[in-house]
Amino acid sequence: MTKRHTDGATDWARVARQLGLKPNAIQRRHFLGLVVAAATASCAGPASDDHEMDTASPDPGPLPDVPLPELTSDPFTLGVASGDPLDDSVILWTRLAPKPLEGGGMPTESAPVLWEVAADPAMTQVVQAGYVLAHPELAHSVHVDAQGLEPDTWYWYRFTIGNYVSPVGRTRTLPTADASVGELKIAAAACQAWKDGYYTAYHHLAQEDVDVVFFLGDYIYESGAGGPVRDHNSNTVYSLDEYRNRYGLYKEDLDLQAAHARFPWVVTWDDHEVANNYAGDVADQSSPIDFLSRRANAYQAYYEHMPIRVLPPDGPDLGLYRAFRFGDLATFYVLDGRQYRSDQPCGDKTGDPACEEMKDPTQQMLGEGQEAWLLNGLGKSQTVWNVLAQQTVMTNVDFGGAFLNFDQWDGYPVARQRLINFLNENAIDNVVALTGDIHSYGVGTINEIVTDTDSPVRLTEFVVSSITSTAYALNQLQDFIEYAIATMPQVLFFDVTKRGYVRCTITPDMWRTELRSVDSVLEPTSDIQTIASFELDRASTDSGPIQIDDA
Ligand code: FE
Ligand code: CA
């Protein structure tokens, strides 16, 4: 195997190229944790072009010249994770936190962590290794950019500090951009309110045969409310320490850890990583600190706990939107529909009629910069499928002029039609949206003229339900939903009562989505069923997906 010089730090120019951004779109900033170089993986012999495994393990280099902290209990309580793969690298994550509900429990010094990537689950064939410093400024989290990997390949990884060794995680690189990909298998999930139930869905997700997991928002909930089977660890969170402890609570869950350890994840956020229904810099509720300070705390804790290939936050700003290309088969645009959006219109009350504000041409869902980036990417894309991995429902759910939810794209009809117009004008007919937020399974279509269901289908949407989070006012919604299915041709499926995730099998000819639902989140374990399956034929996307009988 050819080993490249690798130092565990992020080469932003290379990242920008692979993400299809202009190199200057990502400015490398000096920041602890990203630019502190881990040691070099040395070549055991002359570099060769064949892909035979070296027999000697790479040398991780000298231990950084900082003292090992005194640890009296396991610091790997939050497991390991990987994410944001490229064709030659992947981000590896862990956080040293012996006491994850009490600020982490680490000394205030930086701590040296050994990371290793191997070609086998027993970690006997290590292909890359190095040291990284875990800094107190980032809650002793680490983000290692493990480079020099082969494309389209499973790897295993782990971390070590002193006598403590983390669990072994499994991860996978992307195929190269020019690779011909016959099949891609993914799962998509969202909304994992810990207090609302057990992560029975993650127990099953960890056993799925998929290449990557997409997470579409509401990884934590900020609320202090108790739940039916387990309670949040504190009142509503505002400070950095409170957000960190909330992530500690969630990430201590072993089913969630198993799902992270089994696959690379590609994550985005929605509102509850900060606060319910916030929009850009506008809060939905009052808080004891000003909203942008709260957002800065929340974004920093998010960065610290996610295996993401992005710069750390700069105060209340964190650039999260990015794209991933799976050879010639699919490009995933991972969107941020929170940070740059306009405030929800019309007072944002469920069931209210449309108002003049909804016609405001300056309204934004993605913000001008992200929208331009997305349209540019879609316009240039050469892949068979283009996928929007995003937060809120795009399908029009208009009840004779009254709206279910002004927080979703229904509240931003000008921005939505602008996106659809771009697809229309450029004859782009290969876009699928994967959506979270509403704690319901849904399958919908967006027409060329969004409000005219006689116009051809331009985009298909799969809404992934929630891992645990319960649906709003479930009983009141039931009638409403039956009405929707019966009267709205653009709504093909809608179920607020079930929890779980979706599994998608993507080929050049067909997109298949299976809705995988657990029987219960109120028991620690549960069975799982496929409650419905849909197929979208690439040759006839303008007629939308069809439900298939796979019982
Ligand atoms: Fe949610
Ligand atoms: Ca949400």
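Select, from S440, S466, the only residue that is modelled with pLDDT under 95, under 22 Å from the mean Cα position of the chain (by Cα) and either within 16 Å of ligand 1 (Cβ to nearest atom) or not charged (D, E, K, R) (or both).
S440
In region 278-295, which residue that is more than 16 Å from ligand 2 (Cβ to nearest atom) and in contact (Cβ under 8 Å) with a residue 40 or more places away in the chain is nearest to the chain's Cα centre (by Cα)?
Start the filter on region 278-295 by keeping residues that are more than 16 Å from ligand 2 (Cβ to nearest atom), which leaves 281, 286-294.
Filter once more, so that each one left must be in contact (Cβ under 8 Å) with a residue 40 or more places away in the chain: 287-289, 294.
Values: S287: 27, P288: 29, I289: 28, R294: 21 Å.
Per the criteria, the residue is R294.
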*Scan of region 214-244 for residues that are within 16 Å of ligand 1 (Cβ to nearest atom), surrounded by 16 or more Cβ atoms within 10 Å (Cβ to Cβ) and assigned to a loop (DSSP other than H, G, I, E, B), ordered by number*: L216, G217, D218, Y219, I220, Y221, E222, S223, G227, H232, T236, V237
*asked:* Out of the residues in region 185-200 meeting the condition of being out of contact with any helix residue (DSSP H, G or I) (no Cβ under 8 Å at 6 or more places or on another chain) and crowded, with 24+ Cβ neighbours inside 10 Å, tell me which one is farthest from D519 (Cα to Cα).
replied: I186
_Within region 475-520, take every residue that is part of a strand (DSSP E or B) and of a type in the set (A, V, I, L, M) and give me the one that is surrounded by the fewest Cβ atoms within 10 Å (Cβ to Cβ)._
M510
*asked:* I need a count of the residues in region 383-404 that are part of a strand (DSSP E or B) and farther than 16 Å from L459 by Cα.
replied: 4
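Do the conditions hold for A275, that is, is it hydrophobic (A, V, I, L, M, F, W, C), surrounded by fewer than 24 Cβ atoms within 10 Å (Cβ to Cβ), over 30 Å from V117 (Cα atoms) and free of Cβ contacts under 8 Å to residues at least 40 places away in the same chain? Full working, then the answer.
Details: hydrophobic (A, V, I, L, M, F, W, C): yes; surrounded by fewer than 24 Cβ atoms within 10 Å (Cβ to Cβ): yes; over 30 Å from V117 (Cα atoms): yes; free of Cβ contacts under 8 Å to residues at least 40 places away in the same chain: no.
When the stated conditions are applied, A275 does not pass them.
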*asked:* Can you find a residue that is closer than 30 Å to S381 by Cα and in contact with a strand residue (DSSP E or B) (Cβ under 6 Å, 6 or more places away or on another chain) anywhere in region 470-485?
replied: no
_Lone qualifier among Q364, Q370 - being in a helix (DSSP H, G or I) and either touching a His at 6+ places or on another chain (Cβ under 9 Å) or not aromatic (F, W, Y) (or both)_ = Q370
*Examine region 261-269 for a residue that is away from ligand 2 (no atom under 15 Å from the Cβ), under 19 Å from A97 (Cβ atoms) and surrounded by fewer than 23 Cβ atoms within 10 Å (Cβ to Cβ), and state whether such a residue exists.*
yes
_Suppose the filter is among the aliphatic types (A, V, I, L, M) and without any contact (Cβ under 8 Å) to a residue 60 or more places away in the chain; does I485 pass it?_
yes
*Is at least one residue of region 97-117 out of contact with any strand residue (DSSP E or B) (no Cβ under 6 Å at 6 or more places or on another chain), touching a residue at least 40 places away in the same chain (Cβ under 8 Å), assigned to a loop (DSSP other than H, G, I, E, B) and buried (at least 20 other Cβ atoms within 10 Å of the Cβ)?*
yes
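The values are calculated or read from the model by the stated rules, or taken from the named source; none is laboratory data. The structure presented is a predicted model; accordingly, all values stated were derived computationally and were not measured. So basically every Cβ, Gly included, is an ideal-geometry build from the backbone, and we count neighbours across all protein chains shown.
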